[in-house]
Amino acid sequence: MFPRDVLAVAAVNPRFLVDARQTPIDVVVTIEEWRSIVEELEELEDIRAYDAAVAEKQKSTPLERVAAEIRERREP
C-alpha cells in the first residue's frame with residue numbers, strides 16, 4: 001500500500017474493491033490521480049538518491065564529462 005503521506009500530497013481518493021469477505025483486493029484511482037502518484041514517487045526517488053549521495057560524500061562529476069562518457073559508450 002502507498003504511504004499515507006504520498007497519497008495526501010498526491011491528492012488521491014482511492015476506491016477499494018473487496019471480495020465476498022470484505023477483504024480489499026484491488027484499488028481504483030483516476031488516471032489523473034495515478035499520474036500524480038507516479039510524479040510524487042519519482043520525486044521521492046530523486047530525493048532519496050540525493051540524500052544517499054550526500055551521505056556517501058561522493059565526488060561530483062561535471063556534467064560535460066558525464067555527457068562525453070555517455071557519447072563514447074554509444075559510439076560503435
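Just name one of Leu63, Leu44, Ile25: the one whose Cα is farthest towards the positive end of the charge dipole of region 4-74 (beta-carbon charges, Lys/Arg +1, Asp/Glu -1).
Leu63
Binned at 5 Å from 0, what are the whole-percent values of the Cα-Cα distance distribution for region 4-74, short to long?
P(r) for region 4-74, in whole percents per bin: 3, 13, 12, 13, 13, 12, 10, 9, 7, 4, 3, 1.
Test of understanding: ordering Thr30, Thr23 by Cβ neighbours within 10 Å, fewest first, what list do you get?
Working: Thr30 12, Thr23 8.
Sorted ascending by nearby Cβ count, the order is Thr23, Thr30.
Every number here is computed from the coordinates shown, using simple stated rules; none is lab data. Source: prediction; values computed, not measured. Cβ coordinates were reconstructed from backbone atoms using ideal geometry, including for glycine residues, and neighbour counts include every protein chain displayed.
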